[in-house]
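Following: one structure in structure tokens, then a few remarks.
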Amino acid sequence: MSYRERLTVDPARIRSHLQSFARIGYQPGGRMARLAFTQDDLRARQLLLHMMSQIGLFTRIDEFGNVFGRLPASGDAASRPPVLIGSHLDTVYDGGRFDGSLGVVAALEAVTLIAENGVELERPVEVVSFACEESSRFGRGTLGSGIVAGAWEPEEIMELQDRDGQRLGKALQRIGLEPEDVGRARRSPGDYAAFLEIHIEQGRVLEESENQVGVVDAIAAPSRFRLTIAGQADHSGATPMNLRRDALTGAAEIILAVERFASDAPDVVGTVGVIQAEPGAINIVPGRVVFTIDIRGTSSDQKRQVVENVMEAIHETARRRDLETSIETLGEEEPVQLDSGLIELLESCCEDRAIPYLRMPSGAGHDAMQMARICPSAMLLVPSRRGISHNPEEWTELEDLVAGVQAYSDATLRLATQS
Ligand SMILES: [Zn+2]
């Protein structure tokens with residue numbers, strides 16, 4: 001029997017591992033709250049370390065708290081750059097049980113099959129759970145993978161605070177990590193042969209197109225702004241329409257412009273998710289409005305064009321309505337193209353198992369977009385029921401999980417056995 005035939009994933013084991021993680025940080029109503037560097041996050045990584053040891057992996061926690069478990073290769077293969085597989089175990093405040101955990105469980109499954117079957121490896125395989133992938137606690141995400149991939153210097157993020165005012169550096173100290181040492185967690189191009197991640201889609205594209213797996217070709221990146229519009233707060237009864245400088249009606253025009261320009265660009269989405277009107281009374285013309293604009297896309301050119309169009313609309317609206325505006329840039333990131341060789345590998349793994357798949361972009365950010373800076377990286381997605389995520393209703397059918405994890409394990413096996 002070939003490796004391929006023997007290396008069939010075990011649905012019961014996948015489900016049971018997911019359940020084990022879902023019990024940690026479980027809140028009434030099925031909400032998950034396993035925020036980065038909290039007690040529950042630590043408990044989840046203890047469980048992971050235990051699972052890794054049982055498979056026979058050599059475990060290591062780096063200076064930022066990323067957890068690694070290595071299945072070594074022998075002879076010359078031992079010193080070759082490993083294939084890195086995994087995702088994250090931290091969650092948002094009212095999260096679900098699949099976001100992140102699936103990627104870690106899938107990596108454990110892949111490496112278990114390889115270890116159990118005594119596969120002769122051409123390079124080591126390393127499982128990773130990246131720390132602090134979610135932005136829920138410190139307002140910025142993919143921190144662990146960003147540190148490993150050198151996306152920023154550690155000092156740039158150590159002052160980030162959670163909603164209780166605790167700094168990231170302090171949170172690290174509380175779990176026995178030294179902020180000054182975090183730079184040592186950084187890895188260089190060439191240190192890893194590849195990074196593979198599997199994640200739930202968090203959208204409805206796979207469900208609607210009736211595919212079991214998505215092969216990600218690019219990860220969208222956001223440009224984010226905070227816009228303040230100042231007009232004049234006036235009495236709503238005593239101020240005729242032609243004398244008003246209403247900041248909120250000006251904002252309304254701009255919000256619709258965001259929607260229009262984003263809709264016209266095929267690979268861009270635009271959202272205004274937060275808005276505050278002041279003074280906020282039924283009988284006062286709003287004098288000041290603050291709102292956020294989030295524009296994302298997998299095409300840099302299209303995204304830049306939409307941002308330009310929106311900026312023009314802001315200035316034109318302000319001029320015509322006699323309003324003042326100030327624009328604060330909260331972040332400008334570049335979309336990430338994933339590795340074409342790995343994309344083809346993942347597609348051929350789906351074809352071999354007759355798994356219906358779709359090549360698609362990921363609208364959400366993931367650890368893979370950071371790892372793509374230092375090694376060829378790629379991702380698989382599995383369907384999210386009704387697209388719901390970051391929510392206790394988050395759900396993926398077992399047969400879809402199994403299909404995705406199978407393709408993921410097959411791809412890991414192929415990479416690990418190629419010289
Ligand atoms: Zn995630």
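Its alpha carbons give the stretch 221-332 an Rg and a Dmax of 14.7, 49 Å. Summing Lys and Arg as +1 and Asp and Glu as -1 over all other residues whose Cβ lies under 14 Å from the Cβ of residue 323 gives a net charge of -1.
Mind running the shape call on the stretch 1-69? Use the C-alpha gyration tensor, a ≥ b ≥ c as the square roots of the eigenvalues: rounded below 1.5 for a/c, prolate if a/b tops b/c, oblate otherwise. Oblate is the answer for the stretch 1-69, as a/c is 1.5 or above yet b/c matches or exceeds a/b. Just checking the listed ones, 322, 41, 164: in the Gaussian network model of the chain with Cα springs under 10 Å, the one fluctuating most is 164.
Using Cβ point charges alone (K and R +1, D and E -1), the dipole size of the stretch 221-332 about the Cα centre works out to roughly 160 debye.
Working ranking of peptides 273-279, 175-181, 55-61, 301-307 by packing, defined as the average number of other Cβ atoms within 10 Å per residue, highest first, is 301-307, 55-61, 175-181, 273-279. Compared with the dominant Cα axis of the chain, that is its longest principal axis, helix 247-264 is turned about 40°. Seen from a random direction on average, the alpha-carbon convex hull of the chain projects onto 21.8 square nanometres. Net charge around residue 252, counting only other residues with Cβ within less than 15 Å of its Cβ (Lys, Arg = +1; Asp, Glu = -1)? Neighbourhood net charge equals +2.
Considering all C-alpha pairs of the stretch 163-228, those separated by over 19 Å amount to 68%.
Local charge for residue 56 was computed over the other residues whose Cβ lies under 14 Å away, with Lys and Arg +1 and Asp and Glu -1, and equals -1.
For the chain, the longest principal axis of the Cα atoms and the long axis of helix 101-116 meet at an angle of about 10 degrees.
In terms of the mean number of neighbouring beta-carbon atoms within 10 Å, the peptides 252-259, 399-406 order highest first as 399-406, 252-259. Of the residues 283, 66, 309, the one that moves most in a GNM of the chain with alpha-carbon contacts below 10 Å is 283.
Taking Cα centre as origin and charging only the Cβ of basic (Lys, Arg, +1) and acidic (Asp, Glu, -1) residues, the dipole magnitude of the chain rounds to 780 debye. Taking 44, 262, 247 as the candidate residues, the one with maximal mean-square fluctuation in a Gaussian network model of the chain, Cα springs under 10 Å, is 247. By DSSP, the beta bridges lying fully in the chain are antiparallel in about 70 percent of cases.
Computed on the Cα atoms alone, the convex hull of the stretch 85-229 gives a volume of 191 cubic angstrom per residue.
The order of the peptides 340-347, 70-77, 131-138 by mean Cβ neighbours within 10 Å, most packed first, is 131-138, 340-347, 70-77.
What is the stretch 93-138 by shape, rounded, prolate or oblate, if you read a ≥ b ≥ c off the alpha carbon gyration tensor as root eigenvalues and call it rounded for a/c under 1.5, prolate for a/b larger than b/c, and oblate otherwise? Oblate is the answer for the stretch 93-138, as a/c is 1.5 or above yet b/c matches or exceeds a/b. Look at 159, 201 and count the other Cβ atoms within 10 Å of each Cβ; fewest to most, that gives 159, 201. With respect to the chain, whose longest principal axis is taken over its alpha-carbon atoms, helix 340-352 is tilted by about 60°. For the chain, averaging the sequence separation of C-alpha pairs within contact (under 8 Å, six or more residues apart) and dividing by the residue count gives a relative contact order of 23 percent.
Read-outs: derived from the displayed coordinates by stated rules, not from any lab. Keep in mind that what you see is a predicted model, and the values were worked out from it rather than measured. Cβ coordinates were reconstructed from backbone atoms using ideal geometry, including for glycine residues, and neighbour counts include every protein chain displayed.
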